[in-house]
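**Q** What follows is a structure written as structure tokens; I'll ask about it next.
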């Protein structure tokens, strides 16, 4: 299935050698504030996260979070992918970048590629995304990826105000 290629990025499946990247991403204070603390605090935790998260998702659903690396030099910059969450009807796009690579358009480029992959290759009826209501940078990324704001969403297990975005414009108008 993978990799997904854009003009500057390759999205590929994670492997256990990516544990240092995953550790850096999931312990980033911005990730913890805007998403959640996944309980990943060591390289061993990161390896377990990769096994139980992305690798299990690839096996079960054929999709998941993917390693985002620059084409020009193979430098890993973050993760982005399509997630099927238990209890939610739609597949959603999720992403995070290392702080040094933010603000360069990589998140928008990767999220756009994932949304298009979901709609065109997987023929999903829609792709959605969820973001903290006060995370304006993430909202801009999602809009650049072609998603429309649908308003507040009661995300299971989260007490933070969450916004829903969707590739389905009709869903956004309701």
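None of the figures in this text is laboratory data; all of them are computed from the coordinates on show. This structure is a prediction, so every number in the text was calculated from the model and none was measured. When we count neighbours, we look across all protein chains shown, and the Cβ atoms used for this are built from the backbone with ideal geometry, even at glycine.
**Q** Using just the helices of the chain, give the 222 nm mean residue ellipticity in deg cm²/dmol: DSSP H runs with n ≥ 4 each add -39,500 (n - 2.57), and the total is spread over all residues, rounded to 500.
**A** Calculated at 222 nm, the ellipticity per residue is -8000 deg cm²/dmol.
**Q** Same structure again: Remind me, relative contact order of the range 4-127 in percent, using alpha carbon pairs under 8 angstrom and six or more residues apart?
**A** It comes to 24 percent, rounded to a whole number.
**Q** While we're on this one: Need one number: % antiparallel among DSSP beta bridges in the range 4-127, to the nearest 5.
**A** Antiparallel: roughly 95 percent of the beta bridges in the range 4-127.
**Q** A further question on this structure: How tilted is helix 106-116 with respect to the longest principal axis of the chain? Cα atoms for both, answer in degrees (0 to 90, nearest 10).
**A** In the chain, helix 106-116 runs at an angle near 60 degrees to the longest axis.
**Q** Same structure again: How many angstrom separate the Cα center of the range 133-167 from the Cα center of the range 6-64?
**A** 21 Å
**Q** With a point put 7 Å past each Cα toward its Cβ, work out how far residue 73 is from residue 88 in nm, to one decimal.
**A** About 3.4 nm separates the two model spin labels.
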